[in-house]
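Beneath this line is the structure, given in structure tokens, with notes to follow.
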């Protein structure tokens, strides 16, 4: 009679442990799928729209929306517009070096004293914004007189605002070459190469499935008054750039119109939207239709000071901000002109060698086509 061979105890324990882990993973997958099903097909259209808009703004997670909706249904929820025609900056509204005390983020600002509209006048209230108003902590101890770092917090987000009072210290860092076969650079590398003291990410780039190298911009790039990527005749949404007087221009326009406006260095972010144009915050729900995600934005106050905002997202303590939240924050800080920049896993802020915000990119820092840099004090 052949003897019975007993299975080693270690293998038995390993098998049981593997079964437990597999069961737990299956339970997590089922729970996540059930949650998405409730968000997508539940009774709340608001939750459904927020879910679709949030995942459709990502490079790699768009499939989550497509699990539950057709492309026509997704497009209806996104309600994508055409940008509304050309918009241009009125440079007369910016007086560099002028008085800007009324827009400083101090304790007397309306949005810090109970105004539930974030300091935006009632006739231009931002629809869909966090109605609890963004809170700001006192400025972090600035290392230089004309730069302040301020905490910005809301119900669903935490982030940082850098205020650079001298706009001549802000420049756009660009690649030497654009296109397939080249590679973008991380924000930290841009800072090191340009001898800057800080910066934020800027324009968007081709990134289908999260496989972009950061070298193929999704819109126009202007360097030294010439178009180095894009076309003079193409219409671009959310063009952002500086003229020779360090005035920030934001608008929807052709490449030729951008040059005619005097933009010397600029870029665009096709995803947009424009947040504040010539002192008027955007109020269209159709244009402020983003979900909860990491955000980056740039703006300029009437006194010329540059506002750089980065909001953490996809974190346990900061899900992210909507476009309406971002608009609300920029208007509250006194932006006369402001525009949304590339967000998601590209959003990042570095200053004085310190990473001030949390990257949502699993592998650290993304390679980018261009950035906004803070240069050393002159």
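A short reminder: the numbers here are calculations on the coordinates, not readings from a lab. These figures come from a predicted structure and were not determined experimentally. Methodologically, a virtual Cβ is constructed for each residue, glycine included, from the backbone with ideal geometry; neighbour enumeration extends over all protein chains shown.
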Likely footprinting exposure, 345, 168, 70, fewest C-beta neighbours within 10 Å first: 70, 168, 345
Separation in nanometres of the label points that stand 7 Å from Cα toward Cβ, at residue 211 and residue 95: 5.5
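Using Cα-Cα distances under 8 Å and only pairs 6 or more residues apart, what relative contact order does the stretch 293-378 have, in percent? Could the numbers behind the result be given before it?
Working: 141 pairs, mean separation 26.8, N = 86.
Once divided by the residue count of the stretch 293-378, the mean separation gives 31 percent.
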Fewest-first ranking of 330, 67, 308, using other Cβ atoms within 10 Å as the exposure measure: 67, 308, 330
Segment residue 155-residue 244, length gained on full extension (0.36 nm per residue, minus Cα span): 28.1 nm
Residues residue 233 and residue 378, FRET efficiency given R0 of 56 Å [Cβ-Cβ distance, rounded to 0.05]: 0.90
Pair residue 16, residue 66: separation of 7 Å Cα→Cβ label points (nm): 4.4
Pairwise FRET efficiency - residue 226 versus residue 354, Cβ, R0 = 45 Å, nearest 0.05: 0.80
Cα gyration tensor shape of the stretch 162-300, rounded if a/c is under 1.5, else prolate or oblate by comparing a/b with b/c: rounded
